[in-house]
Each structure stands twice: as C-alpha cells, then as structure tokens.
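Encoded as structure tokens, the structure appears first; notes follow it.
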Amino acid sequence: MRHGATLAMDDEAQVSATTAWEGGGARNAPSPAAGAESEAVNAHGMALEGRRLMEAVVERENLWRAYERVMRNKGAGGIDKMTVEQLKPHLQQHWPRIRQALLEGSYMPQAVRSVDIPKTGSVKGPGGVRTLGIPTVVDRLIQQALLQVLQPIFEPTFSDSSHGFRPGRSAQQAVRQASQYIAQGRTWVVDIDLEKFFDRVNHDILMQRLSRYIEDARVLRLIRRYLEAGMLREGLVSLRTQGTPQGGPLSPLLSNVLLTDLDRELERRGLSFARYADDCNIFVRSQKAGEHLMGWIVPWLEHTLKLRVNPDKSAVDRTWRRAFLGYAWQANGKRRIAAPALSRLRQAVKAAVRLGRGLANTIAELNPKLRGWMGYFKLTDARKPLEELDGWIRRRLRCLLWRQAKRVHARARMLMRRQLEQSRAWKSATNGHGPWWNSGASHMNQAFPKTWFTAQRLVSLLDTHQRLLLIDRTAVCGTARTVV
C-alpha cells in the first residue's frame, strides 16, 4: 500500500479534512489542477498553465508523490523537531489550513535549522565547512511538491553540459564529457571554484531568472520566502539576505537556474565545458587561451551573477594536474582516481575497522561503502590503485584478526586452524612484532589469503570494477545491436 493511501482518516468527523488533503473525490477522478496541467502541456510543450502553478503544486497526485519521496528520504527534523513518522497525523489535522494558505499566497515557511558539516578535502585545498539548512518536514514536503512541478518547466532550458541534480544525469556523464574534450586535444583546463556558492546566491538575480518562466505570483512569493527564511543557529534565528543553503529539495534546482546563464554564455562563445552544480571545468587547447578566458570569466561572474571566484582554488593548468568530481587524468588521457578520493576511502576503512566489532560485522560495515565507492569510480582506467587498495584493506582486516586474538596461545591456535604447521604457527605467534607488521607478514597472508576473504563475502574493488565494466560493455553492445 502506498504511504499516501494511509493518510485517509476513519473518523467521520474528519472527513472534510481528508477530502481537502486528497484533493476531493475519488483518487483517480480528474481535478481542475490536473486539467490545467494537461492544457498547459498542449499549449506550451513543457510548462504548466502560467498562472495556475500553485494549483498544480497542491494537486492530489503531486502531493502523494512528494509525500512518498519525503518518507523515503527520511532525514533529520527541522526546528520544530517533527520527524517524518509524525508527518502523516500532522497533515491529517492541519493540511486543509496549509493548503488554503498556499492557494491564497499567505503561507509562511518556518526557519531552517543550521547544521555545519565538514567538506571533503580536494586537490584544490582543505575542505572547510559546509552549512546545511534543514527545513521542517512540512516545508520539505511543500518544497518537494514545488520541485516536481517546476522541474519539467526548467529542464528544457538547461544546457547539455550541465549534469548536476538533474533527472537522467550523473557525475559520470560529466567526467565522460571532460574525457572527450581531453581526447580532442584540449589538455588545458580553466578550473573555476565558486567561493561559498550556495551561501552567496543573490536573491534578486535568482528571482528575476525564475520569473522568466513562472507567471504565478504565489509561487514566486513562496520561493522568495523560502530563500529568506531565517536560520536557527545556537538558539538564535538570523535573517538571510543571500544564499540558498543546501538541505532543502529546491536548492539544487535553484542553483541550476542561476548558473544556466553561465552555461549559455560559455556556449555562445563556443567553449567546451562540463559543469556539475557549482563545479565547472572549461577545456581549451593552450595556456594562453586559458588565461585569456580566466581574465574574462572572473569579472563576468562577479558582475552578472554577483558570484565570487576563489582565486586560491581556481587555476589554469594542465588537465593531469587538476581533478574534476574526484577523477583525474594521466598525460595520455586515461582516467584515474584522484589522490584525495583514495585517501578518503582509506580513512573510511580505518574508521570501520577501529570499531572493533568482529570481522563479520566489520565486513558488513565495509561492503556498502566499497560497492558505492567503486560504483562511482567505475570509469577509472587504472587497475593498480584498486589492486593496492584491495591488498591494503585485507591487511587492515588481518591486523584486526591479530589484535582480537590478543594472547600468544590464541594466535598460535588461530594460525594452526588455518593449516599452518605447528612450529611455524608458534614461531609467528611469538615473534615479538606488532599487529601491523604481522598483518603484512607471510604467515598471515598464507593463513588468510584473498580467497578466504572472498569466502567471507568481502567486496573486492578490482573484481567489482571488472564486473561493472562488463555490464557497461554488454549494455553498449546491446544498444548497438538494437540500432543496427
């Protein structure tokens, strides 16, 4: 049963509130908003009827989808501490009032809860801190409903070189596009780092861009209120005059709307670029061309979009000396995994092993991380770093086994159980070296080889990479046969 279906209330005294939440009538019955949506698509080919967007936002089916998405995403509560599990009863009681306020254009979002999380470091420098603005669950629902209506309107306006936070787009596509430019001889990159982009978005400029495609004043007013909603930090709510903090469903779409002007300007100049959210790389054939481009783009961004370029992290450089979305390139154009990404995985493995929860639990903790990491970096052409990482991970687990055995007798018995001769097992157990030395020694490698870890269902990065490549090749071949 769908989550939304559970929102219906049994008490006859609450029928009116249920009808308002469900949009009235049977679930599959047509509604005025749905009719407006169909008419608008026929008339415009991509947008809803200009002045009835809010009706489409609160339309029953749109809200079901938004509700289910919020429930799937879970997430922390906002300043009211309401959890996603508490959303259903809250809507049953309060949705008619919220819906009416949205339709009247009088709805006021609550402040967002400020949370600072450390950024991951990169080849550009230390990570620093990223500020998230966590909306209340109700505001997440409304933002998600807005997103579902606005996304089809703005999608056709976005550039083919924009890959971040878009349906059917991914970071891997941006990396592949960058690889194509490098293969064409564009081995100089203008690496643009926008300083605290999500904190510096100019509200007036963003609203002007939104108004190009949104005619419903209520929707524009609501988005403006979300942009200006206060931020709660250490018990105090501060007003916002710029920025669209990450954390709400609308933030990624709004960032793409603003940066589309940059995309179109780069396209107008015939430049080759790939952008993923605020991470933009422009590929040129010479250092001179790159420096000329950098000299133009910095003042253009500051004047036109009121954005600031970080001079310490932006540069004109050879492609093999920079990284893009965790990938780097060798001088021959082959893709590799950037050093900071390798380092972050090592740190994650160390943290999982330090928990000391036993080998089986540690492997269960590691496997999702290893699969996800390799799924993202499946485009790498370099096998050696994966082999080295696999060997290093197995060594960390051998070290865990050695530590958990603790005493000489336990270590000797552990090695003998793994078919080592008694004399060698005792000699190894009493060698006086520490756990890390022993984890790399021949007796532990013989006792716990790769095949043993495979039997324990430890994910191998190299094996996973080969399997993903085979799947991709099979998919490409199948597409080619279909075309033929």
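The values are calculated or read from the model by the stated rules, or taken from the named source; none is laboratory data. Remember, predicted model here, so these are calculated numbers, not experimental data. Ideal geometry is used to build each Cβ from the backbone, glycine not excepted, and the neighbour counts take in all protein chains shown. Ligands, DNA and RNA are excluded from the accessible area calculation, which covers all protein heavy atoms including side chains. Shrake-Rupley method; radii C 1.70, N 1.55, O 1.52, S 1.80 Å.
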Practice problem: Express the accessible area of segment 305-349 per residue in Å², computed with a 1.4 Å probe while the remaining protein chains stay in the model. | Solution: 46 Å²
Exercise. With a/c under 1.5 counting as rounded, go ahead and sort segment 223-357 into rounded, prolate or oblate using the C-alpha gyration tensor (a ≥ b ≥ c being the square roots of the eigenvalues; past the cut-off, prolate if a/b is larger than b/c, else oblate).
Key: oblate
Quiz item: Can you pull the percent of segment 358-478's accessible area that's carbon plus sulfur, 1.4 Å probe, other chains left in place?
Solution: 54 percent
Quiz item: Measuring from label point to label point, each 7 Å out along Cα→Cβ, what is the residue 450 to residue 74 span in nm?
Solution: 3.5 nm
Quiz item: Between residue 292 and residue 407, 0.36 nm times their residue separation minus their Cα-Cα distance comes to what?
Solution: 34.8 nm
Quiz item: Probe 1.4 Å, all protein chains in place: accessible area of residue 313 in Å², nearest 10?
Solution: 50 Å²
Self-check item: Chain lengthening between residue 395 and residue 315 when straightened (0.36 nm per residue, less Cα-Cα)
Solution: 25.0 nm
Practice problem: State the percentage of accessible surface on segment 153-267 attributable to carbon and sulfur atoms; use a 1.4 Å probe and exclude ligands, DNA and RNA. | Solution: 47 percent
Quiz prompt | Linear extension gain, residue 200 paired with residue 355, 0.36 nm per residue minus alpha-carbon span | solution = 51.9 nm
Quiz prompt | Average Cα contact separation per residue, segment 240-396, under 8 Å, 6 or more apart, as relative contact order % | solution = 12 percent
Practice problem: State whether segment 280-347 is rounded, prolate or oblate according to the following rule on the C-alpha gyration tensor (a ≥ b ≥ c being the square roots of its eigenvalues): a/c under 1.5 gives rounded; otherwise a/b larger than b/c gives prolate, and the remaining case gives oblate. | Solution: oblate
Quiz prompt | Per-pair calculated FRET efficiency, R0 = 25 Å: residue 378 and residue 169 via Cβ, rounded to 0.05 | solution = 0.95
Exercise. Answer rounded, prolate or oblate for segment 83-234, using the Cα gyration tensor with square roots of eigenvalues a ≥ b ≥ c: rounded when a/c is under 1.5, else prolate when a/b is larger than b/c, else oblate.
Key: prolate
